[in-house]
1. Suppose accessible area is computed on protein heavy atoms with a 1.4 Å probe; arrange H193, H254 from highest to lowest.
2. Number of Lys pairs in the stretch 168-312 with C-alpha atoms less than 26 angstrom apart, excluding same-chain neighbours closer than eight positions?
3. Quick one: length gained pulling R168 to D258 fully straight, 0.36 nm per residue minus the C-alpha distance?
4. Between D129 and K67, what is the FRET efficiency for a Förster distance of 35 Å, r being their Cβ-Cβ separation, to the nearest 0.05?
5. Carbon and sulfur together cover what percent of the accessible area of the stretch 153-312 at a 1.4 Å probe radius?
6. Let me check something: with ligands and nucleic acids excluded, how do Y241, Y46, Y306, Y172 order by accessible area (1.4 Å probe), largest to smallest?
7. Summing Lys, Arg as +1 and Asp, Glu as -1, what charge do residues with Cβ under 13 Å from the Cβ of I242 carry, I242 excluded?
8. Can you tell me what share of the DSSP beta bridges in the stretch 162-301 is antiparallel? A percent to the nearest 5 is fine.
Amino acid sequence: MKQKSLLDRQLKRLHLEKESLPDAESWGKFLEVVNRTYQEFEDGRYLMERSLEISSKEMSAALENQKKMSLQIVQSSKLASIGTLASGIAHEINNPLSAIRGYAELLIRSSSNTNIQKDRLEKIISLVDRMAALVKYLLKLSRKPTENESKSISVQNAINESLTISERQMSYENVKFNVELPKNELLVIGDSHRLGSIFQNLINNSRDAFLSRNKNIKAEPVINIKINQDQSSAEFLVLDYIDNAGGIPENYIHQIFDPFFTTKDVGKGTGLGLSLSKQILIELGGDLFVESIGIETTFHIRLKRYDDLSVQ
């Protein structure tokens with residue numbers, strides 16, 4: 001009775017009468033429409049949320065790409081500045097280099113010099129030529145590329161020249177070289193000074209890494225240079241340069257070829273060595289790759305084999 005009176009009061013408050021209420025079938029149809037409308041609303045809301053989510057991801061990707069492009073523009077600007085700087089100081093550098101080379105040649109011609117002295121003077125001339133070649137390459141970076149002049153060089157000679165310069169210094173640090181190359185000449189397309197500068201840069205980086213490596217590493221410091229038989233082919237020769245100086249952290253491995261990226265202290269590195277080395281090899285039709293496992297770091301130096309037919 002109470003429930004009936006309560007229902008009557010509610011109907012009266014809503015200005016409804018019992019006779020005006022729909023039957024069960026009408027209520028069912030009404031609820032079905034409400035349920036369908038609600039479902040359509042839910043589907044629309046889901047699609048809207050997904051659209052917003054996708055738009056947000058696309059916007060984030062676009063912002064990230066814009067950030068990378070901005071960094072590339074900054075790096076390109078820095079490289080352009082280096083080219084301008086190199087153009088400005090090349091004359092000042094080449095003049096004293098020419099004088100040093102001239103005096104060294106005069107001393108070599110002197111009959112009073114011993115064979116040892118002459119050998120040292122020849123090494124000075126070789127170093128002067130390398131410095132002049134590097135200045136020339138920096139100048140080339142600021143100019144429009146010209147037609148590539150392909151010529152053959154001996155890989156063994158380029159490596160031996162680099163070792164001649166570095167081996168004694170590295171021996172003071174108890175670093176040993178292990179070079180495993182065939183006796184027959186390996187001819188590739190390139191320039192002996194530029195290829196030598198690549199090996200020189202890798203050796204210098206190894207030396208710095210050995211000096212700062214963890215003292216808990218007990219392995220004997222060694223640099224191995226050998227042919228990668230798996231990656232070499234009829235068109236390319238791949239050399240592996242391997243050191244056990246401690247490895248490269250995973251968060252750095254993808255950045256080491258970026259211009260101006262360096263992990264060295266201020267004043268000890270420009271961050272251009274590996275970037276320029278990679279650029280040199282790409283210009284010569286090759287490339288430079290890196291991988292690091294444990295305390296070992298391997299640089300894969302891909303060189304294009306010299307073929308008389310391919311360079312005519």
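1. H254, H193
2. The number of close lysine pairs in the stretch 168-312 is 18.
3. Fully extending the segment from R168 to D258 adds 29.3 nm.
4. Working from the Cβ atoms, E equals 0.25.
5. On the way: 3970 of 8540 Å².
Ligands and nucleic acids excluded, carbon and sulfur give 46 percent.
6. Y172, Y46, Y306, Y241
7. Working: positive: K176, K226; negative: E180, D240, D243, E291, E296.
After counting each charged neighbour, the total is -3.
8. Of the beta bridges lying entirely in the stretch 162-301, close to 75 percent run antiparallel.
The values are calculated or read from the model by the stated rules, or taken from the named source; none is laboratory data. Predicted, not measured: the structure shown is a model, and the values here were computed from it. Backbone-built Cβ (ideal geometry, glycine too); neighbour counts: all protein chains shown. These accessible areas exclude ligands, DNA and RNA; they are computed on the full protein's heavy atoms, side chains included. Shrake-Rupley method; radii C 1.70, N 1.55, O 1.52, S 1.80 Å.
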